[in-house]
Amino acid sequence: MTTPRTTFHPRPRRRRARAMVVAAAALVALSGCSAGAGDVVTLNFFQFKPEAVGNFSAIIKDFEAANPGIRVSQNSVPDPDTAIRTLLVKDKVPDVLTLNVNGNYGELARACIFADLGENPVAETVKPAVQDIVQSLGTCSTDSADEVNALPFASNASGILYNPDIFAANDVQVPTTWTELVAAADTFQANGVSPFFCTMKDSWTANPAFVNLGGTLMPDGFFDTLREESTSGAGTVSFAEDFAEAADKEATLFEYCQDNFASRDYNAGNKAFADGESAMYLQGSYAIPAIRANNPDAAIGSFPYPVTDDADARVVVSGVDVGIMIGRDTPHAAEAQKFVDYLMSPEVVTAYSEAQSTFSPLKDAAPNSDPALAGLEPYFSAGTIIGFIDHQIPAAVPLVNLLQTLVITGDTETFLADLDSEWGKVAARTTTQRQGK
């Protein structure tokens with residue numbers, strides 16, 4: 001699962017389309033340009049997080065002061081997925097990019113859009129478990145080896161956020177097993193406290209729980225096998241067969257939401273949790289800055305999903321919130337690499353992590369000292385992490401819409417059958433397209 005993006009919130013299509021065209025055109029005009037004075041080179045830096053523009057502006061200012069021969073033009077647009085694809089159609093890949101490392105990134109990496117960074121010394125500074133998550137989503141494969149097409153700059157973690165003050169007032173301990181989690185929810189409900197504040201007006205907000213439940217409970221190699229069997233016609237795995245427990249537990253959690261959960265959106269959820277309106281919140285580290293924007297003094301703790309009754313089986317779902325890439329054919333490869341090396345320096349990564357409540361992907365990084373992350377940090381530091389399973393599901397499969405229906409209706413059988421059906425439709429189209437080539 002990726003962090004919340006503006007694409008989750010519907011807008012008037014015509015107005016949005018015009019904005020995308022204008023923004024993409026601006027990027028095309030700036031892509032790969034260099035200054036006319038002297039030997040100064042200007043890098044086009046495609047930066048996808050609007051909330052981090054200020055952070056990267058400060059980073060760029062320091063970099064340019066230390067490198068007077070290089071200028072960096074930061075370009076941030078409302079819908080990065082649309083904008084980057086527009087640039088690719090025009091063969092205008094930016095010199096340096098940040099992207100959320102998700103399924104869309106994987107498609108671009110497999111298309112060999114990005115340079116291979118594997119031989120750069122800075123790649124050796126990354127935690128192997130974090131780089132493995134990047135590699136699992138897709139790479140440009142050559143005859144010799146799979147390339148490293150992105151370096152992780154900042155990682156997030158999807159767990160359960162909780163209010164320590166509400167837990168203490170109700171004499172509830174942080175749950176370490178599924179049975180304890182349900183018991184805690186029962187206690188809060190009995191005491192007149194909302195166990196979870198849920199926000200199903202935004203369909204994607206059912207996804208964080210699903211990726212934790214499904215990612216922990218699914219058999220090893222599930223998606224690799226499912227993809228292989230989609231073309232071979234075998235049927236040893238399926239969502240109906242292998243995700244039934246995850247779907248049941250997803251439905252159970254959402255039984256403990258507040259009454260108006262179907263009409264509340266993510267922004268309302270951040271404010272409600274900031275104001276102490278629920279004991280827990282089914283969101284990850286990415287929500288912490290938004291919660292604090294509503295209440296800087298909000299009481300926030302975190303813990304990994306206790307999916308089973310084996311406390312030792314707990315893992316943390318983690319994604320690369322920000323990955324760094326270099327355009328494969330940039331005419332400014334040396335300058336781009338110098339900028340990437342600076343971005344990946346421990347001082348820069350640490351400062352960004354502290355400002356944005358993320359986890360540093362670097363091997364020797366000190367743990368993030370944010371108390372809101374304390375319950376998840378040990379798992380991340382130890383590499384006890386798994387990737388977001390929704391990144392393995394094609395965008396054409398309407399996962400979040402199916403999840404929205406599931407948690408509102410509680411109908412797990414229909415959810416699983418529909419998920420298998422939608423996966424099959426996409427697999428059939430893909431097979432037909434391949435055969436037609």
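Out of the residues in the range 68-114 that are without any contact (Cβ under 8 Å) to a residue 24 or more places away in the chain and part of a helix (DSSP H, G or I), which is surrounded by the fewest Cβ atoms within 10 Å (Cβ to Cβ)?
Restricting to residues being without any contact (Cβ under 8 Å) to a residue 24 or more places away in the chain and part of a helix (DSSP H, G or I), the top hit is V89.
Name, by its number, the condition in (1) without any contact (Cβ under 8 Å) to a residue 12 or more places away in the chain; (2) in contact with a Gly (Cβ under 6 Å, 6 or more places away or on another chain); (3) of a type outside the set (S, T, N, Q) that does not hold for P304.
So P304 meets the others, but not (1).
Name the single residue, out of those in the range 80-103 being over 22 Å from Q392 (Cβ atoms) and acidic (D, E), that is nearest to the chain's Cα centre (by Cα).
D95
Failed condition for Y286, given (1) surrounded by fewer than 24 Cβ atoms within 10 Å (Cβ to Cβ); (2) within 15 Å of V130 (Cβ to Cβ); (3) assigned by TED's automatic domain parsing to the domain that holds G192, with all others met?
Of (1) surrounded by fewer than 24 Cβ atoms within 10 Å (Cβ to Cβ); (2) within 15 Å of V130 (Cβ to Cβ); (3) assigned by TED's automatic domain parsing to the domain that holds G192, only one is false for Y286: (2).
For the structure I just gave you, tell me whether D341 is within 24 Å of S57 (Cα to Cα) and among the charged types (D, E, K, R).
Yes; evaluated as a whole, the condition is true for this residue.
Exactly one condition in (1) outside the structural domain of P128 (by TED's automatic domain parsing); (2) in a helix (DSSP H, G or I) is not met by A355; state its number.
(1)
Just to be sure, is A293 in contact (Cβ under 8 Å) with a residue 40 or more places away in the chain, more than 27 Å from G138 (Cβ to Cβ) and aliphatic (A, V, I, L, M)?
The answer is no for A293.
On the given criteria, is I133 buried (at least 20 other Cβ atoms within 10 Å of the Cβ), within 30 Å of F196 (Cβ to Cβ) and not aromatic (F, W, Y)?
yes
Kindly list the number of the only condition in (1) out of contact with any helix residue (DSSP H, G or I) (no Cβ under 6 Å at 6 or more places or on another chain); (2) farther than 15 Å from V316 by Cβ that fails for P378.
Of the numbered conditions (1) out of contact with any helix residue (DSSP H, G or I) (no Cβ under 6 Å at 6 or more places or on another chain); (2) farther than 15 Å from V316 by Cβ, the odd one out for P378 is (2).
Would you mind stating whether P4 is at pLDDT below 50 and more than 25 Å from G103 (Cβ to Cβ)?
Considered against the rule, which asks whether it is at pLDDT below 50 and more than 25 Å from G103 (Cβ to Cβ), P4 comes out as no.
Considering the range 333-344 alone, what residues qualify as being within 24 Å of E107 (Cα to Cα) and either at pLDDT below 95 or not aliphatic (A, V, I, L, M) (or both)?
Q337
Exactly one condition in (1) crowded, with 23+ Cβ neighbours inside 10 Å; (2) at positive phi is not met by D321; state its number.
Condition not satisfied by D321: (2).
Select from the range 289-315 the residues that are crowded, with 18+ Cβ neighbours inside 10 Å and at pLDDT below 95 and list them in ascending order.
Result: A290, single match.
Residues of the range 367-399 being over 20 Å from A287 (Cα atoms), assigned to a loop (DSSP other than H, G, I, E, B) and either touching a residue at least 60 places away in the same chain (Cβ under 8 Å) or in the same structural domain as E124 (by TED's automatic domain parsing) (or both), which ones?
Those that are over 20 Å from A287 (Cα atoms), assigned to a loop (DSSP other than H, G, I, E, B) and either touching a residue at least 60 places away in the same chain (Cβ under 8 Å) or in the same structural domain as E124 (by TED's automatic domain parsing) (or both): G383, T384, I393, P394, A395.
Are any residues in the range 164-185 of a type outside the set (A, V, I, L, M), free of Cβ contacts under 8 Å to residues at least 24 places away in the same chain and more than 15 Å from A311 (Cβ to Cβ), and if so, which ones?
Answer for the range 164-185, where residues must be of a type outside the set (A, V, I, L, M), free of Cβ contacts under 8 Å to residues at least 24 places away in the same chain and more than 15 Å from A311 (Cβ to Cβ): just D171.
Test V400 against the criterion of being under 23 Å from the mean Cα position of the chain (by Cα), surrounded by fewer than 17 Cβ atoms within 10 Å (Cβ to Cβ), of a type in the set (V, I, T) and within 22 Å of A247 (Cα to Cα), and give yes or no.
In short, no.
Applying the selection to the range 49-61, what residues are of a type outside the set (S, T, N, Q) and without any contact (Cβ under 8 Å) to a residue 60 or more places away in the chain?
Once the filter is applied, which keeps residues that are of a type outside the set (S, T, N, Q) and without any contact (Cβ under 8 Å) to a residue 60 or more places away in the chain, the range 49-61 yields P50, V53, G54, F56, A58, I60, K61.
Return a yes/no flag: does the range 232-253 have any residue that is touching a Cys at 6+ places or on another chain (Cβ under 9 Å), farther than 20 Å from N102 by Cα and at pLDDT 95 or above.
Yes, the range 232-253 contains a residue that is touching a Cys at 6+ places or on another chain (Cβ under 9 Å), farther than 20 Å from N102 by Cα and at pLDDT 95 or above.
I'd like the full set of residues that are out of contact with any Asp or Glu (no Cβ under 9 Å at 6 or more places or on another chain), farther than 23 Å from I408 by Cβ and surrounded by 15 or more Cβ atoms within 10 Å (Cβ to Cβ), limited to the range 199-222.
Matches in the range 199-222: T216 only.
Checking the structure you have, find out if any residue of the range 186-207 is touching a residue at least 24 places away in the same chain (Cβ under 8 Å), part of a strand (DSSP E or B) and in the same structural domain as E347 (by TED's automatic domain parsing).
No - not one qualifying residue is present in the range 186-207.
Exactly one of (1) crowded, with 23+ Cβ neighbours inside 10 Å; (2) farther than 19 Å from S136 by Cβ is unmet by F388. Its number?
That leaves (2) as the condition not met.
Residues in the range 425-437: is at least one in contact with a strand residue (DSSP E or B) (Cβ under 9 Å, 6 or more places away or on another chain), buried (at least 16 other Cβ atoms within 10 Å of the Cβ), in a helix (DSSP H, G or I) and of a type in the set (G, A, S)?
No, the range 425-437 contains no residue that is in contact with a strand residue (DSSP E or B) (Cβ under 9 Å, 6 or more places away or on another chain), buried (at least 16 other Cβ atoms within 10 Å of the Cβ), in a helix (DSSP H, G or I) and of a type in the set (G, A, S).
The values are calculated or read from the model by the stated rules, or taken from the named source; none is laboratory data. Quick caveat, the model's predicted, so the values are computed rather than measured. Cβ coordinates were reconstructed from backbone atoms using ideal geometry, including for glycine residues, and neighbour counts include every protein chain displayed.
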